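The values are calculated or read from the model by the stated rules, or taken from the named source; none is laboratory data. Only a predicted model underlies this, so the values are computations on that prediction, with no experimental measurement involved. In this analysis, Cβ positions are derived from the backbone assuming ideal geometry, glycine residues included, and neighbour counts consider all displayed protein chains. With ligands, DNA and RNA removed, areas are computed over all heavy atoms of the protein, side chains included. Shrake-Rupley method; radii C 1.70, N 1.55, O 1.52, S 1.80 Å.
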Amino acid sequence: GWCPLSPTGAQTTQLLVEPPWTPAVLWDRVTLTCQGLGTPGATTWYKDGQRRGQQGCDHLIVTERGTYTCDRPSTGCSPPLTISNDDLVLQVPAQLLLKGDTVTLHCRD
């Protein structure tokens, strides 16, 4: 089933994406990193709501498009991240952007 919420209901687990562009696309050879509290190596990965194996590594190399989340025992489930396989994408840096920031865009095909 879907990734469980933390006991407090607060989402403090985060997914980092490398390369750091959004939207993330499969042909960028994306690596996801799960960040949160708890024992390193106790990460559970989910793809499209289905658990992917047992608890394990904090890093995941993405080989299929879909929606990914990760779960850390102390901080719960990360927000979902969708990896697409689109032929043409306009990408922005995968970071918090504020009004007035200068942004570099990638048009990728």
message = For the chain, I need the span (max minus min coordinate) of the C-alpha atoms along each principal axis, in Å, sorted largest to smallest.
response = 39, 32, 21
remark   = Out of THR31, VAL89, GLY41 - ranked by how far each Cα lies towards the positive end of the dipole of the chain, with unit charges on the beta-carbon of charged residues - the top one is GLY41
ask   = By how many nm would the segment from GLN55 to ASP101 grow when fully extended, if each residue of separation counts as 0.36 nm and the alpha-carbon distance is taken off?
value = 12.7 nm
task = Would you mind getting the accessible area per residue of the chain, heavy atoms of the protein chains only, 1.4 Å probe, in Å²?
result = 62 Å²
Cα centre as origin, Lys/Arg/Asp/Glu Cβ charges: segment 14-108 dipole, Debye = 140 debye
message = If I ignore ligands, DNA and RNA and count only protein heavy atoms, how much of VAL62 is accessible to a 1.4 Å probe, in Å² to the nearest 10?
response = 10 Å²
note = Counting only protein heavy atoms with a 1.4 Å probe and every protein chain in place, the carbon and sulfur fraction of the accessible surface of segment 14-108 in whole percent equals 53 percent
